[in-house]
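Structure record follows, encoded as structure tokens.
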Amino acid sequence: MSSVENQVKAAMQATFDHLKQELKALRSGRANPAVLDKVMVEAYGARAPIKSLGTITVPEARQIVVTPFDPSTANAIAKGIEAANLGIHPMVDGRVIRINIPPMDESIRKQIAKQCKELGEKAKISMREVRRKYNELVRKQKTDGEIPEDIMKKLEKTIQELTDRYCKDIDTTCAEKEKEILTV
């Protein structure tokens, strides 16, 4: 019984953690280094994540600075940021790349808040998919005679409770992020 419950918790927690990572990458009013997490840069004949090529800092509320470990990769890093299509424009300034985060107008804020809602809905769909998968597993175990019906009912109830709890957590997390995005 505990094994199935632990598997459900692990799967749902993984989905929730993935959502949190996705939300970090959404732009809010302030500069956030997580925006660059998915940027891949063509350097030394291979594609590498930007984090492996330099340090990323936020010296001001509306600026991100990337300091390459090897100054010769500065232009490649700037091209990688532009190619990522994040709506930000890097400027190579000597040995560093400066990225000024433009202030967001109301329409951009609403668009990003909408993306936040969509990510939340996708995460809830994933949670329900986990619920369906494990409910089927429990029913199969009952059919195969591995567990009695009362245990099956308890497990189904536990799976539903976990689904409800994680869906509530998703709603709360998305609401907080939306508030952060819409705050001027």
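If only one of G120, G80 is touching a residue at least 40 places away in the same chain (Cβ under 8 Å), assigned to a helix (DSSP H, G or I), in the same structural domain as K51 (by TED's automatic domain parsing) and buried (at least 18 other Cβ atoms within 10 Å of the Cβ), which one is it? Show your work before the answer.
Values: G120 fails: in the same structural domain as K51 (by TED's automatic domain parsing).
The unique qualifying residue is G80.
Residues in the stretch 123-138 that are basic (K, R) and either exposed (fewer than 15 other Cβ atoms within 10 Å of the Cβ) or farther than 24 Å from A14 by Cα (or both): how many? Full working, then the answer.
At the first step, the residues of the stretch 123-138 found to be basic (K, R) are 124, 128, 131-133.
This time we only want the ones that are either exposed (fewer than 15 other Cβ atoms within 10 Å of the Cβ) or farther than 24 Å from A14 by Cα (or both), so: 128, 132-133.
Counting residues in the stretch 123-138 that are basic (K, R) and either exposed (fewer than 15 other Cβ atoms within 10 Å of the Cβ) or farther than 24 Å from A14 by Cα (or both) gives 3.
Just checking, which of N32, N85 is at positive phi and either of a type in the set (S, T, N, Q) or crowded, with 18+ Cβ neighbours inside 10 Å (or both)?
Only one candidate qualifies: N85.
Looking at this structure, is G145 at pLDDT below 85, farther than 26 Å from E176 by Cβ and either exposed (fewer than 12 other Cβ atoms within 10 Å of the Cβ) or within 22 Å of the chain's Cα centre (by Cα) (or both)?
Numbers: at pLDDT below 85: no; farther than 26 Å from E176 by Cβ: yes; either exposed (fewer than 12 other Cβ atoms within 10 Å of the Cβ) or within 22 Å of the chain's Cα centre (by Cα) (or both): yes.
Answer is no for this residue.
Among the residues that make up the stretch 96-104, is at least one of them in a helix (DSSP H, G or I) and surrounded by fewer than 17 Cβ atoms within 10 Å (Cβ to Cβ)? Outline the logic, then answer.
So the first thing to find is which residues in the stretch 96-104 are in a helix (DSSP H, G or I), and the list is none.
Looking for residues that are in a helix (DSSP H, G or I) and surrounded by fewer than 17 Cβ atoms within 10 Å (Cβ to Cβ), one finds none in the stretch 96-104, hence no.
Does K20 qualify as being assigned by TED's automatic domain parsing to the domain that holds E149 and under 30 Å from E149 (Cα atoms)?
Numbers: assigned by TED's automatic domain parsing to the domain that holds E149: yes; under 30 Å from E149 (Cα atoms): no.
In short, no.
Residue by residue, here is whether (1) at pLDDT below 85; (2) polar (S, T, N, Q) holds:
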position: S2; (1), (2): yes, yes
position: Q7; (1), (2): no, yes
position: A10; (1), (2): no, no
position: L19; (1), (2): no, no
position: R27; (1), (2): yes, no
position: E42; (1), (2): no, no
position: K51; (1), (2): no, no
position: T67; (1), (2): no, yes
position: A78; (1), (2): no, no
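Evaluate the following for T158: is it at pLDDT 90 or above, surrounded by fewer than 16 Cβ atoms within 10 Å (Cβ to Cβ) and among the polar types (S, T, N, Q)?
Details: at pLDDT 90 or above: yes; surrounded by fewer than 16 Cβ atoms within 10 Å (Cβ to Cβ): no; among the polar types (S, T, N, Q): yes.
Against the criterion (at pLDDT 90 or above, surrounded by fewer than 16 Cβ atoms within 10 Å (Cβ to Cβ) and among the polar types (S, T, N, Q)), T158 does not qualify.
Give all pairs with beta carbons closer than 6 Å in which a residue from the stretch 153-175 that is assigned to a helix (DSSP H, G or I) meets a residue that is of a type in the set (D, E, K, R); count only pairs at least 6 apart in sequence or on separate chains.
T158/E5; I159/R131; T163/R131; C167/K124; I170/K124
So which residues in the stretch 111-129 are under 13 Å from the mean Cα position of the chain (by Cα) and either on the phi > 0 side of the Ramachandran plot or hydrophobic (A, V, I, L, M, F, W, C) (or both)?
C116, L119, A123
The values are calculated or read from the model by the stated rules, or taken from the named source; none is laboratory data. Being a predicted model, the structure only gives us computed values, none of them experimental. Every residue, glycine as well, gets a Cβ built from its backbone with ideal geometry; the counts of neighbours run over all protein chains shown.
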